[in-house]
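Chemist: Before I ask anything, let me first share the structure, which is written out below as structure tokens.
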Amino acid sequence: MVLSRFWYLVLALALGASAYLLFVATAVHNREALRAAREGLQPDVQVVASYLRDDARRRSSLLIAPSLDEEIRSQVAKSSAAADKVPAEARDKARSALRKQGEAMPADGRFDALFAVDAAGRVVAQTGFDQAAGLEGFELGGYPLVADALHGWVRDDAWVLGGRIYRVVARPIELEAGALPAGAIVGARIVDDTFARELSRRTSAAVGFYAAGKRVASGAPESFDTGQLDFITNDLAAVERDPAYKDKGLTDVRVLHGDLAVIYARLPGEAWDLGAGFAVARLAHLSASPLEFESQKTEADKAAVPMGPLGAVAAALALIGLLFSVLEHTRPLHAFRSEVLRLAKGEIEQLTASRFRGVYRKIASDLNDGIEKVAAKGGGARRADLEQVLGPIPTQPAMSAFAFPGAADASSDVAATSATTPSAPRPLPVAPPPPPMRALEPTPIASSISSSAPPPPRPVPPRPPGRAEEADVEPSTQPLPEEMAEWLGVFDEFVRVKQQCSEPTEGLTFEKFQVTLRKNRDALVQKHACRRVKFTVYVKEGRAALKASPVRE
Amino acid sequence: MRLARRLPRRLLALPLLACALVPGLALAAQVKGRVVGVEKLLNPVWNEAKELSAHRFTFREPSPTVRSDLRNLTAYAPKEVCIAAIAEGAQPPPTLPLLVTVGGGRTTPVTLVVAAGTRVHFENRDPFPHRLYGVGQASFSPGDTASLASRDWTPPGPGRYEVRDELAPSLRAWIVVEPLVAAVAYPARDGSFTFANLAAGKYTLRGYFAGNPVGAPRAVEVGAGNLEVKDALALTEAAPAPPDKAAPGKAGKKHEGGN
């Protein structure tokens, strides 16, 4: 299950990486959305400022007509000549003429208030700005805008009067060329929502005007929620502390509530010193989580997804997972189940652990051990292993690669048996009965058949000289060809299992191997009068082991 | 204290009432004179506002039909130039407050020379509030004055005081407390001025503009009869504001400002 587990790990990592990438992508998207909003704001500010400037110029041009109106000029001149107060007649006539001029202006250029001012700065006549209509001695002469006009300049200004912003333009009223103007004509436009909406319509910018710490007007495209512009009010105190705003009258992009990018700009004019200005805003469409993309997607977005490659990758991942599952779960389980079925049917006496891998091999081995123990408790032996059948198998010096642990002390006896030496008779048919448990426990032959690290030999009892040599040289029945082929298979299996168990196989040759098998086969055949002996490779306590089973068929 | 005739009627009424209470009025005389050089006095507020660095406009351009030398932002003498008659001895303050109106982006008068202890009465003539304060004066801190409302302030002692408005940057007024001042007059647009009732005695006539004395003082002696100062008072010696950059030679220069 190593591959499957590794695959689960890979999938988990891939899933985690995908989630990570999604969140990173969301953050990148939000950052880019904010950056786009930021970058879009700079042109917006320029556009709004240009609009205000152009609007002021256009409106100053609209004042040319009233400044040249004969009635207005003459009445203003009369008022300028009067030292004490504005003559009533001049006031009435100038007001009438001024009203006509105001009504004659195009609808989109009309002023909210028009003033005719004499050389002393006194208001001779006015339309609009009704709150000043009844004030005696109302004048405008102290404002730099009016003073400029009275000295021959045309310019604009922005006033903040009573908490409202007024965009104001003025131009001189001249009686004769080259002379000081007789007065000035002043036009004022209130910056209200109508003005802001018109500005927004022409510039496509969301703009809000503020004065005295409050928003006084706002306008925005339909796609922009003008309620967002209310947030600028809460930010004005911080804006006033902004060094860039103080020095240049323009802030850097400020982000409110995470997604509202705003630039504040002071309004040129007296409003500049009164903290009045305008804010241009853009709303960055941010996503709180990757899931929000689902609700924001369009058909074009979906079409941009490479479904083919994604599907192929998903299918490949699934197939790899299935393959690993089949290889490591289904097939071993199937093989194990088949083997168990064979065991259940009695076709085999034990599971062939070497046919399994991983945990199945361990289960098979344990199952075999259990079967052996159960059989031993029942008083019978289902099969004989070499040691059970032959007793302690001798260590074979000539075949050092084949050492049987725990059998060294009895090797001489076995050897003698094999050699059938009369001087050392050993009842071959009946092996010395080993302890019941020991007899039935599988003999870890594999652990003893080692080429390089044989287990420490048991004390060898003294035996007559030359006896071992006799045993070694005792001829054995040569294996049949089909038996030789089977032993070759057993040898290969034995070597493979040893390697899987990380046991050394150097020096282990088939010649040595078959000598041992042959001797054991002969001993078993002689003991059980069987026709042949079947050798099986299995794992015993982590080491390759070999068992011999007499076959009587 | 007696004020000149050029001041608004209300402004004039208060000092006239005070003069009526002063003993020896029968010995008072009318003193007439004239100032020259007003065209050299440049209004500091207006001239600051025309600078690009002031951010007061998005465009400012001259009218081509107005002579360039006339486009200098000179002072409006009837409100901004004050001629003070300074006596040889300390003068008592008037019993009634001195009226200063606030409206149209300025005060009237803009420069005021008063005796020590004079109470100044600021009256808002605009249809919206003002928030006057004395620069650096704890006794005249910013306070709202609603339309047609007023507030009084007595300058603490001799010196020059500047009054500003937090709601109107162009509004700047100067009050000069001169213990010896006996009367003030404001010239007409042609430069003429009149002290209606100046008690007999020796005086020094001196012009004030934007809170500062301008021109050379002129000593006069008022007797029993009216007096006309023959030589005009030149007000050109001290000009507080720099010359207009659009003066002759630079006519037609356009200013562009804004963001």
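Throughout, read-outs are computed from the coordinates displayed, never taken from laboratory work. It should be emphasised that the depicted structure is a prediction, and the values quoted were computed from it without experimental measurement. Cβ coordinates were reconstructed from backbone atoms using ideal geometry, including for glycine residues, and neighbour counts include every protein chain displayed.
Chemist: Evaluate Rg over Rh across segment A:33-122, taking Cα atoms for both radii and Kirkwood's formula for Rh.
Modeler: On the way: Rg = 19.4 Å, Rh = 15.5 Å.
We get a ratio of 1.25 for segment A:33-122.
Chemist: For a footprinting-style exposure proxy, rank A:Leu488, A:Leu480, A:Leu351 by other Cβ within 10 Å, fewest first. Before the final figure, lay out each step's value.
Modeler: Numbers: A:Leu488 13, A:Leu480 10, A:Leu351 24.
Going from least to most buried by this count: A:Leu480, A:Leu488, A:Leu351.
Chemist: Still on this structure: To one decimal place, what orientation-averaged projected area in nm² is obtained for the convex hull of the Cα set of segment A:30-81? Working shown, then result.
Modeler: Details: hull surface 20.1 nm².
Approximately 5.0 nm², given one-decimal rounding.
Chemist: Give or take rounding to whole Å, what are the principal axis extents of the alpha carbon atoms in segment A:309-365, in descending order?
Modeler: Taking the Cα atoms of segment A:309-365, the three principal extents are 53, 19, 11 Å.
Chemist: Which order results if A:Glu71, A:Glu349, A:Glu270, A:Glu482 are arranged by neighbouring Cβ count within 10 Å, fewest first? Present the calculation step by step, with values, prior to reporting the outcome.
Modeler: Numbers: A:Glu71 18, A:Glu349 15, A:Glu270 30, A:Glu482 9.
Sorted ascending by nearby Cβ count, the order is A:Glu482, A:Glu349, A:Glu71, A:Glu270.
Chemist: Further, regarding this structure: Filter the GluC sites (Glu not before Pro) in segment A:130-177 down to the DSSP loop ones having no more than 13 other Cβ atoms within 10 Å, then list what survives. Write out the running numbers ahead of the final one.
Modeler: Working: sites: A:Glu136, A:Glu139, A:Glu174, A:Glu176; in loops: A:Glu136, A:Glu174, A:Glu176.
Sites meeting the loop and neighbour criteria: A:Glu136, A:Glu176.
Chemist: Set the Förster radius R0 to 30 Å, insert the Cβ-Cβ distance between A:Leu327 and A:Ala304 as r into 1/(1 + (r/R0)^6), and round the FRET efficiency to 0.05. Don't skip to the end; give the middle numbers.
Modeler: Values: r = 38 Å, r/R0 = 1.26.
The value I calculate is 0.20.
Chemist: A further question on this structure: Filter the GluC sites (Glu not before Pro) in segment A:490-529 down to the DSSP loop ones having no more than 12 other Cβ atoms within 10 Å, then list what survives.
Modeler: Numbers: sites: A:Glu493, A:Glu506, A:Glu511; in loops: A:Glu506.
Passing both the DSSP loop test and the Cβ count: A:Glu506.
Chemist: Give, in nm to one decimal, the length gained when the segment between A:Val525 and A:Arg57 is fully stretched (0.36 nm per residue of separation minus the Cα-Cα distance). Write down the numbers at each step before the final one.
Modeler: On the way: separation 468, 0.36 × 468 = 168.48 nm, distance 12.38 nm.
Result for the pair: 156.1 nm of gain on full extension.
Chemist: If you average the sequence gap of Cα pairs under 8 Å that are 6 or more apart and divide by the length of segment A:309-365, what percent do you get for the contact order? Show your work: numbers first, answer last.
Modeler: Working: 25 pairs, mean separation 13.6, N = 57.
Across segment A:309-365, relative contact order equals 24 percent.
Chemist: If you take the Cα atoms of segment B:16-165, find Rg, then find the Kirkwood Rh from the mean of 1/r over all pairs, what is Rg/Rh? Please list the in-between numbers first.
Modeler: Numbers: Rg = 18.6 Å, Rh = 18.3 Å.
So for segment B:16-165, dividing Rg by the Kirkwood Rh gives 1.02.
Chemist: Report the normalised scattering of segment A:223-293 as log10 I(q)/I(0) at q = 0.12, 0.14 Å⁻¹, calculated by the Debye formula with identical scatterers on the alpha carbons.
Modeler: Here the Debye-derived log intensity ratios amount to -0.36, -0.47.
Chemist: OK, next. Rounded to two decimal places and with Rh computed the Kirkwood way over Cα pairs, what is Rg over Rh for segment A:63-190? Spell out each step's value before the answer.
Modeler: Working: Rg = 13.0 Å, Rh = 14.1 Å.
So for segment A:63-190, dividing Rg by the Kirkwood Rh gives 0.93.
Chemist: Along each principal axis of its Cα atoms, how long is segment A:138-248 end to end? Whole angstroms, biggest number first, please.
Modeler: 53, 31, 27
Chemist: Would you order B:Thr145, A:Thr203 from fewest to most other beta-carbon atoms within 10 Å of each residue's own beta-carbon? Write out the running numbers ahead of the final one.
Modeler: Numbers: B:Thr145 19, A:Thr203 22.
Final ranking by Cβ density, sparse to dense: B:Thr145, A:Thr203.
Chemist: A further question follows. Using only C-alpha atoms and all pairs of different ones, pull out the Kirkwood radius for segment A:508-548 in Å with one decimal. Before the final figure, lay out the partial values.
Modeler: Working: mean 1/r = 0.0900 Å⁻¹.
Result for segment A:508-548 stands at 11.1 Å.
Chemist: What translational diffusion coefficient, in µm²/s and rounded to a whole number, does the Stokes-Einstein relation yield for segment B:138-217 at 4 °C and a viscosity of 1.567 mPa s, taking the hydrodynamic radius as the Kirkwood radius over Cα pairs? Intermediate results must be reported in sequence, preceding the final value.
Modeler: Numbers: Rh = 15.4 Å.
The estimated diffusion coefficient comes to 84 µm²/s.
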